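**Q** First, the structure itself, so that you have it in front of you.
The values are calculated or read from the model by the stated rules, or taken from the named source; none is laboratory data. These numbers were taken from a predicted model, which means no experiment stands behind them. Note that each Cβ is placed from the backbone with ideal geometry, even for glycine, and that neighbours are counted across all protein chains shown. Protein only, heavy atoms only, side chains kept; ligands, DNA and RNA dropped before computing areas. Shrake-Rupley method; radii C 1.70, N 1.55, O 1.52, S 1.80 Å.
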Amino acid sequence: MRKHTRSSRLGLLVAAALFACRPGPARAPTSGPAQAKRYAPFELASDASDPKVAQILGTSDDSSTLLPLQRAGERVLDIVTDARGEVARVRVAVAAGATASAAPGGAPALPLAAELAAQAAAAALGKSPGEYDWSVTASTDADAVGAALPMAVTAALTGAFLGSLTGATLDDSATVLATVLPDGSLAGAPGLPEAVEAMLARGKRRLGLPAGTSQARSSRTGRLVDLAALAKAAGAVAVPLADVAELYPFLSGERLPATAPLSAQQLALSPETETEQRAAYAQWQLRIAEDWAAMLELGNAPRVPAKIALLIEASQRHARAAETLIGERAWGAGIDRLSAAWALGSAAVTSMRLVDAVQLGHVDDALELLASRAEILEPAAQAIAELGADAGPSSGAQLVRLRGQARALRALAAGLGLAAETARVRAELDALRGRDLVELGDASTAQLVTSAVAPLLVAVGRAHVDLERARQALTLRDELTAAPARWEPPAERPRGLAAWAARLGELLRPVQPQGTWDDAAAGANPAAYPEFTLAQMAALWSAPPAPLGALRARWGATSPAWRTLGWVASLASGQLAAATHWEMSSLRARRDPLDGALRLDGSSASSSLAALPVLLASAERHARQAAHAAQVAVGAVPLALRLAYQEGRELAATGEPELQVRGLYELWWATELGRAAVQLGGGAR
């Protein structure tokens, strides 16, 4: 039986209760009368390209809703401008018709918190953020808006952006203090108690706070603060809000049209896809079988270096979990666990072979084995080329390949970052050349070699898992209706890769955990840390490796294929940036420096995890809403979305926090793929 803990069941009941307590009643939007409309697949273009119309698909079983928007608008509100709780009066404005579009690597005009708010507001209206100019400026010379706004202002900015577009009047006595996650859910942020105090001092009497976040840690004292009690003591009320759909009526008294979610049964995998999943799982079984006997032997051998023993134990634990999941027909989650088991097991076995080769004096053999395992750049670029060979919207394959390209880009980024790490490890091994066999055979040498090679090989294994799962997209078949021959990739506004990395660095500085990828030389796996991968994804465009440069030259820098790859890179980096910040700040988690497993701060684990059931329930619902919108836009629910949704649900159902977090990220991707399908349908000509 799959493990369902009492706490996880209780959490889901709490989440359901919170969702039932939505703000209401709400008025209709003031921007004008809404209009019901039916769309055929790939016939969204005329309305999708009109910035004066919100196109919200699938608001009922047989129609969508068009909502008139203002051509331009602005709102003035109070926001917290830094971690100390300083407050400024700012002007938030949106203008139709963006004047600039940032290419990958470009810098956005807004801080990351404001960029996330712009994306959330656009998504709530069925729009692309690239259709508008978004701005946050000081309302007076005495106010200041820093380059890095606290993430707790993201939700308030989202509400202001929405008000600017719809024409709604916002309640000046109310504010929402939360960060907006990629699917539109609301989560806690660093400095939440200080932000609550600042808003209360500013006269706010209605505070919207993330559902499930009853307590937050003070940045000043490090203690947990009861946020509702803090508000009550000041004569204010704290209202739990789950997502942007609840945020908007809380601030404006109006409710936006919303896509009706499909049922979970409507997102089930077909028998044919389940057969493909079984085949993919069998391939991972064959891969791990190559090292399984060696792992069992090492597991029973004396004097195995500690790091290798840890990797073997973790690999076997993941493999057992995979078999349990497959017994419940949870194919996506089973593949996730078995591929993780292979990465760790392969790293353990190869590390031991390298140790043995060095201790026998065969340094050249060790270097050759390391080189054969560490090559990532070329195969990753080849996978990207194969996945991007057909950049047109001919079928749902485009969306399956989109997710595959995102995985392959992550592998390419890892290869770029690990090149320097590989050179350092090679130099360490090379320095052992010519030493006395007695010295080489000493336990201290085994420890030295293990500390050098094991973290690197784990990182390499994780990259190869991404590559293999990316290649799987080439074999998957979808059922979508063929689309017109020409497709224009969406005009992506912010989300330049370098900008994500830079903005994230500013925000993470106050909450950076002890030990990061900066000290990889001390024996850590650099790819264990998401911010490492994000920085390398930025470097893919600012200083592209030769294989990526060759691909750009072959396709052409202005070709649909290359522009689509840039779009995918922006989507992937945006997901990674949000996940990284949420892990470190709201979840207060860190990554194990060897195997990359998620570790929670013991002193705050219970409060950090309290909101997880709420976020999972919200993400699952958003994924089903995105599936309905995609169905309207392109004629069917894309297979890529179904796969991400099923894997997310399966991982969430395990009841294990680390796997639930992985499930949350898959559900985010399901929502992102639904939005991508809408952009695909709206961009077809």
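**Q** Filtering region 217-237 down to residues that are part of a strand (DSSP E or B) and touching a residue at least 40 places away in the same chain (Cβ under 8 Å), which residue is least open to solvent (accessible area, probe 1.4 Å)? Write out each step before concluding.
**A** Residues of region 217-237 part of a strand (DSSP E or B): 217, 224-226, 237.
Now drop any that are not touching a residue at least 40 places away in the same chain (Cβ under 8 Å), which leaves 217, 224.
Numbers: 217: 50, 224: 72 Å².
Here the answer is 217.
**Q** Does any residue of region 497-513 turn out to be at pLDDT below 80 and not in a helix (DSSP H, G or I)? Reasoning before the result, please.
**A** Residues of region 497-513 at pLDDT below 80: 497-513.
Then keep just the ones that are not in a helix (DSSP H, G or I); that gives 512-513.
So far as region 497-513 goes, yes, one or more of its residues are at pLDDT below 80 and not in a helix (DSSP H, G or I).
**Q** Please name all residue pairs, on different chains or six or more residues apart, with Cβ atoms under 9 Å, provided the first residue is in region 414-434 and is over 23 Å from residue 542 (Cα atoms) and the second residue is of a type in the set (Ser, Thr, Tyr).
**A** From region 414-434, the pairs are 432/445.
**Q** Can I ask one more? Take the residues of region 327-336 that are touching a residue at least 12 places away in the same chain (Cβ under 8 Å) and open to solvent by 10 Å² or more (accessible area, probe 1.4 Å): which is nearest to the chain's Cα centre (by Cα)?
**A** Of everything passing the filter in region 327-336, 331 is nearest to the chain's Cα centre (by Cα).
**Q** When the residues of region 163-185 are filtered to those that are within 28 Å of residue 581 (Cα to Cα) and in a loop (DSSP other than H, G, I, E, B), which remaining residue is most open to solvent (accessible area, probe 1.4 Å)?
**A** 182
**Q** Another one. Six or more apart or on different chains, Cβ atoms under 6 Å: show the pairs whose first residue is in region 542-563 and farther than 14 Å from residue 380 by Cα and in contact (Cβ under 8 Å) with a residue 12 or more places away in the chain and whose second is open to solvent by less than 20 Å² (accessible area, probe 1.4 Å) and assigned to a helix (DSSP H, G or I).
**A** 555/561
**Q** Looking at region 610-621, can you tell me whether even one residue there is of a type outside the set (Lys, Arg), under 19 Å from the mean Cα position of the chain (by Cα), modelled with pLDDT of 85 or more and not in a helix (DSSP H, G or I)?
**A** Within region 610-621 (the criterion being of a type outside the set (Lys, Arg), under 19 Å from the mean Cα position of the chain (by Cα), modelled with pLDDT of 85 or more and not in a helix (DSSP H, G or I)), the answer is yes, since at least one residue qualifies.
**Q** Do you know which of the residues in region 346-384 that are assigned to a helix (DSSP H, G or I) and among the acidic types (Asp, Glu) is nearest to residue 300 (Cα to Cα)? Give the steps one after another, and end with the answer.
**A** Applying the first criterion (assigned to a helix (DSSP H, G or I)) to region 346-384 yields 346-359, 363-374, 377-384.
Narrowing further to those that are among the acidic types (Asp, Glu): 356, 364-365, 368, 378.
Details: 356: 17, 364: 28, 365: 26, 368: 28, 378: 37 Å.
So, considering only residues that are assigned to a helix (DSSP H, G or I) and among the acidic types (Asp, Glu), the one nearest to residue 300 (Cα to Cα) is 356.
**Q** Specify the residue that is most open to solvent (accessible area, probe 1.4 Å); the eligible residues are those in region 264-316 that are over 26 Å from residue 471 (Cβ atoms) and of a type in the set (D, E, K, R).
**A** Residue satisfying both the conditions and the ranking: 303.
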